[in-house]
Amino acid sequence: MELYNGPLDTKEIFGRWLDEQAESNYGAYIPFVGTIRAEDDIEALSFDIYKPVLQQWFDAWQEKAKALGAVVKMAHSIGDVPVHTSSYVSAVFSPKRRVALELIDEFVEDFKANAPIWKYDVKNGERIYAADRSTPMCGSGLLA
Amino acid sequence: MIKVEFLGPIGKAPMEMEAATLADVSAKLKEDSTLTQWLDKCAVALNDTMVNDLSTALKDGDRVSILPPVCGG
């Protein structure tokens, strides 16, 4: 898992991951890129991350992938990420395509629902929590 | 004493309190009107591990994190 301040250098990350696994005999490599769209007059999105819980979430996914003979990777931005740049990349390597296609779907969807990352719109230099696009994590409401 | 920290957009300074279980933490946090809008949609971690049981016992020095709704990517 890789965390960076500001936008991701997606080509460097994907190229490096590909090089790292060049001799691993994986038949499928499926990358996913999340790019900031220009909408609602935003200048950027901004992100807070709680790394200790994110690392545990990611470690659990690595174990799940390993049991299927696959590898999951991810990188995410902290702080401001301007429109038309990327804040999130992930990938799955697996011996055959079916496992990687299914895992990238599950991994990205669970990431959206349970990775401890908070998103803000940046408008006129102000950070506004994206409350209406955010999802309560599994187990929410315990203290209510 | 245990410490309660509020992550992401909650924007509230950490609190210290006496609490034997997470139910005690719940009772104390419910007294704070600034948290009313948050508690029903927040998840909870104890020393950075997610927890789901109000009867979870706490010990001196424990750290409880309150995690509001997320949206990565």
Whichever residue in region A:1-26 is of a type outside the set (Gly, Ala, Ser) and assigned to a loop (DSSP other than H, G, I, E, B) and, among such residues, is farthest from A:Arg97 (Cα to Cα)
A:Pro7
Given the criterion closer than 22 Å to A:Phe47 by Cα, surrounded by 14 or more Cβ atoms within 10 Å (Cβ to Cβ), at the interface with chain A (Cβ under 9 Å from one of its Cβ atoms) and modelled with pLDDT under 95, identify the matching residue among B:Gly73, B:Gly8.
B:Gly73
Could you list, in sequence order, the residues of region A:98-138 that are modelled with pLDDT under 95 and over 25 Å from A:Tyr4 (Cα atoms)?
A:Cys138
Kindly provide the set of residues from region A:24-58 that are touching a Leu at 6+ places or on another chain (Cβ under 9 Å), more than 19 Å from A:Lys119 (Cβ to Cβ) and of a type in the set (Phe, Trp, Tyr), ordered by number.
A:Tyr29
How many residues, within region A:114-132, are facing chain B (nearest Cβ under 10 Å) and either within 15 Å of A:Asp48 (Cα to Cα) or buried (at least 21 other Cβ atoms within 10 Å of the Cβ) (or both)?
12
Subset of region A:1-41, residues among the acidic types (Asp, Glu) and either farther than 24 Å from A:Ala65 by Cα or touching a strand residue (DSSP E or B) at 6+ places or on another chain (Cβ under 6 Å) (or both), comes to A:Glu2, A:Asp9, A:Glu39, A:Asp40, A:Asp41
Across region B:43-67, what is the number of residues that are facing chain A (nearest Cβ under 7 Å) and in a loop (DSSP other than H, G, I, E, B)?
3
Yes or no: region B:15-27 includes at least one residue that is of a type in the set (A, V, I, L, M, F, W, C), under 11 Å from the mean Cα position of the chain (by Cα), under 22 Å from A:Asp59 (Cα atoms) and surrounded by 15 or more Cβ atoms within 10 Å (Cβ to Cβ).
no
What about A:Gln62, is it in contact with a Ser or Thr (Cβ under 8 Å, 6 or more places away or on another chain) and without any contact (Cβ under 8 Å) to a residue 12 or more places away in the chain?
no
Spot the failing condition for A:Ile104; the list is (1) over 30 Å from B:Val64 (Cα atoms); (2) part of a strand (DSSP E or B); (3) of a type in the set (Val, Ile, Thr), and only one is missed.
(2)
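The values are calculated or read from the model by the stated rules, or taken from the named source; none is laboratory data. Given the structure is predicted, the values throughout are model-derived calculations rather than measurements. Every residue, glycine as well, gets a Cβ built from its backbone with ideal geometry; the counts of neighbours run over all protein chains shown.
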